[in-house]
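These notes concern the structure reproduced below.
The values are calculated or read from the model by the stated rules, or taken from the named source; none is laboratory data. The shown structure was predicted, so the numbers you read here are calculated from the model rather than taken from an experiment. Note that each Cβ is placed from the backbone with ideal geometry, even for glycine, and that neighbours are counted across all protein chains shown. Areas reflect the complete protein model, heavy atoms only, side chains present, ligands, DNA and RNA absent. Shrake-Rupley method; radii C 1.70, N 1.55, O 1.52, S 1.80 Å.
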Amino acid sequence: MGEKLVFLGLFIVFGGALAAAFSFSAYRSDLALKGWPAVQGTLLSSKLAQTTEARRRQPNRNGAPQPALDVDLVPVWAMDVEYGYTVDAVGYQGTRATSRHWVEDLSTHPAPSPQLQGLAAALNTGAATLIHYDPANPAQSYIKYERSPETMSNFRLGVVLAVIGLGVAAIGKLVV
């Protein structure tokens, strides 16, 4: 019994460590976006819109044939923006309101959340605004930095799983 607990504990430690490593990597990528330089740009259009997002369909478990299109079109709330900016005398246009992909499912949000409504209220068509761009590829840009909320919570979950796994492995060693 003890050997099985040790194996289970080590398996949980491995899974927790993987979750923490992937989450930490996503967190570092998120922070890199925060450091992008900014230039003055103009907001050409801005509105809160109902649209659809293509999401990969889950495989059928009952053996039924899959349709030719392997994505579902999910209705969502999203910011629909367009802005212009110039970097090193080259003009660009962008459509990314925030640094993270931010949409809200209509099935869980019949109306946009207060946070999304606040973002929409802050983006006024025709207004001058700071545009953050990737120095390695100035065509990549966004208007407002938004930290991805799940990265740190996933990191914490990975650490907690690793600690629990160590505890289970230690108990397994004592049971032997």
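How many residues, within the range 2-31, are over 16 Å from the mean Cα position of the chain (by Cα) and among the acidic types (Asp, Glu)? The qualifying residues number 1.
Only one of the numbered conditions (1) modelled with pLDDT under 85; (2) open to solvent by 70 Å² or more (accessible area, probe 1.4 Å); (3) over 22 Å from residue 105 (Cβ atoms) is violated by residue 70, and that is (3). The number of residues in the range 88-147 that are open to solvent by less than 70 Å² (accessible area, probe 1.4 Å), in a loop (DSSP other than H, G, I, E, B), within 19 Å of residue 52 (Cβ to Cβ) and free of Cβ contacts under 8 Å to residues at least 60 places away in the same chain comes to 6. The set of residues in the range 148-176 being closer than 30 Å to residue 37 by Cα, open to solvent by less than 50 Å² (accessible area, probe 1.4 Å) and not hydrophobic (A, V, I, L, M, F, W, C) consists of 148, 151. In the range 19-45, the residues that are farther than 26 Å from residue 122 by Cα reach residues that are open to solvent by 60 Å² or more (accessible area, probe 1.4 Å) and of a type in the set (Val, Ile, Thr) with C-beta atoms within less than 6 angstrom, at least six apart or across chains, in these pairs: 20/159.
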